[in-house]
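The values are calculated or read from the model by the stated rules, or taken from the named source; none is laboratory data. Since the model is a prediction, treat every value here as computed from it, not as a measurement. Quick reminder, even Gly has a Cβ in these numbers, built from the backbone with ideal geometry, and neighbours come from all protein chains shown.
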Amino acid sequence: MTPSLPVACPSLAAVPDDPDKRQWLIAAGVAGGAATLVAAVPFASSFAPSERAKAAGGPVEVDLADIPPGGSKTVEWRGKPVWVVRRTPDMLAALQGHDGELVDPQSARDQQPAYAQNPARAIRPEVFVAIGLCTHLGCSPTPAPQGGGNPSLPADWPGGFFCPCHGSTFDGAGRVFRNKPAPTNLEIPPHRYASDTRILIGDDAAA
């Protein structure tokens, strides 16, 4: 049995010199090309970033005026929760005296911008900004104040954050305690003060 050969599409040159048929073929070709273009536009536009996607990487402005001493606020930046904590003098004092229990007490590892490489891990000690994801597996730690009565924490707990998923603990500056699953301190995102009461997370050009 002789295999059938593929049928080639007739070109305009192969069409008899019939004005009606030639006009019909030209119209069909234009319509087909237009349909292809229409089908391609949605596909191509799917590669363009949406306004939401573009905004996700931009700075996030946070008003500090409505955060009371000892209080906090959580905002989203690049799809991650960012804590903004207004620390009291007692919370700042609790950052001292336990360096020997921490993995990286001097914040020597690259988990924060240079301006936050200090004991408070902050531009201004009273305002702590950190990405609220455990550095072990990305779970969400919870605030664990001093004297909060958490049975999973030691009696001399200085206050900070506790990850209930696997037991990692961080002090009030996000520094991880030794012998815990989390290998590094909490990450400090780039940020700067836009005014005395407002900060920009994701923008540290003038920090």
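So which strands (runs of 3 or more DSSP E) stay within the range 136-177 end to end and still have 3 or more residues that are modelled with pLDDT under 90 and crowded, with 23+ Cβ neighbours inside 10 Å?
Numbers: elements: 142-144, 160-162, 169-171.
Where strands (runs of 3 or more DSSP E) fall fully within the range 136-177, none carries at least 3 residues being modelled with pLDDT under 90 and crowded, with 23+ Cβ neighbours inside 10 Å.
So, in the range 174-197, exactly how many residues are among the basic types (Lys, Arg) and touching a Phe, Trp or Tyr at 6+ places or on another chain (Cβ under 8 Å)? Before the answer, list the steps.
First, pick out the residues of the range 174-197 that are among the basic types (Lys, Arg): 175, 178, 180, 192.
Restricting the remaining residues to those that are touching a Phe, Trp or Tyr at 6+ places or on another chain (Cβ under 8 Å) gives none.
The qualifying residues number 0.
What number goes with the only condition from (1) under 17 Å from residue 86 (Cα atoms); (2) part of a loop (DSSP other than H, G, I, E, B); (3) of a type in the set (Lys, Arg) that residue 180 does not pass?
The number of the failed condition is (1).
Would you check which residues across the range 103-132 are within 16 Å of residue 201 (Cα to Cα) and either among the hydroxyl-bearing types (Ser, Thr, Tyr) or touching a Pro at 6+ places or on another chain (Cβ under 8 Å) (or both) and list them? Walk me through it before giving the result.
So in the range 103-132, the residues within 16 Å of residue 201 (Cα to Cα) come out as 111-116, 121-124, 127-132.
113, 115, 129, 130, 131, 132 - these are the residues of the range 103-132 that are within 16 Å of residue 201 (Cα to Cα) and either among the hydroxyl-bearing types (Ser, Thr, Tyr) or touching a Pro at 6+ places or on another chain (Cβ under 8 Å) (or both).
Sort out which residues of the range 183-200 are under 19 Å from the mean Cα position of the chain (by Cα) and assigned to a loop (DSSP other than H, G, I, E, B), and write them in order of number.
Step one: of the range 183-200, the residues under 19 Å from the mean Cα position of the chain (by Cα) are 184-192, 199-200.
Correct list: 184, 185, 186, 187, 188, 189, 190.
Filtering the range 59-102 down to residues that are of a type in the set (S, T, N, Q) and within 21 Å of residue 201 (Cβ to Cβ), which residue is surrounded by the fewest Cβ atoms within 10 Å (Cβ to Cβ)?
Step by step, filter the range 59-102, then rank; the result is 74.
Residue by residue through the range 152-201, note down the ones that are touching a Lys or Arg at 6+ places or on another chain (Cβ under 7 Å) and either at positive phi or among the aromatic types (Phe, Trp, Tyr) (or both).
167, 174
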